[in-house]
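The values are calculated or read from the model by the stated rules, or taken from the named source; none is laboratory data. What you see is a predicted model; the values in this text were computed from it and never measured. For neighbour counting, all protein chains shown are included, and Cβ atoms are generated from backbone atoms with ideal geometry for every residue, glycine included. The area values use the complete protein model at the heavy-atom level, side chains included, leaving out ligands, DNA and RNA. Shrake-Rupley method; radii C 1.70, N 1.55, O 1.52, S 1.80 Å.
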Amino acid sequence: MKYITKGVCSREITFEIKDNKVYGVSFLGGCNGNLKAISKLVEGQDVDTIIKILKGNTCGMRNTSCADQLARALEEAK
């Protein structure tokens, strides 16, 4: 799935869901090192667990973050 982000530095997130597990998360743009780390941490994890952990996370003065956008993308994909 491809998700176009809103309100963050990254422009899009791509990922796959198989058996309610997340695979192949990739961010286009944004803070490269941090987003690579998030991708590794969520690999093979349960969709609902990821949403619970990442939803509502903010970045600076923004009311969202790349991690929050991933949670929103996963919610939309469910």
Self-check item: Accessible surface, per residue, of the chain when the full set of protein chains is kept, probe 1.4 Å, Å²
Solution: 61
Exercise. Using a/c under 1.5 as the rounded threshold, could you call segment 15-78 rounded, prolate or oblate? The axes a ≥ b ≥ c are square roots of the C-alpha gyration tensor eigenvalues, and prolate needs a/b larger than b/c, oblate otherwise.
Key: oblate
Quiz item: By how many degrees, 0 to 90 and rounded to 10, does the Cα axis of helix 32-42 deviate from the longest principal axis of the chain?
Solution: 30
Exercise. Whenever you get a sec, compute what percent of the accessible area on segment 8-48 sits on carbon and sulfur atoms (1.4 Å probe).
Key: 50
Quiz item: Sorted by packing (mean other beta-carbon atoms within 10 Å per residue), highest first, where do 37-44, 9-16, 68-75 land?
Solution: 68-75, 9-16, 37-44
Quiz item: To the nearest 10 degrees, how steep is helix 66-77 against the longest Cα principal axis of the chain, on a 0 to 90 scale?
Solution: 40
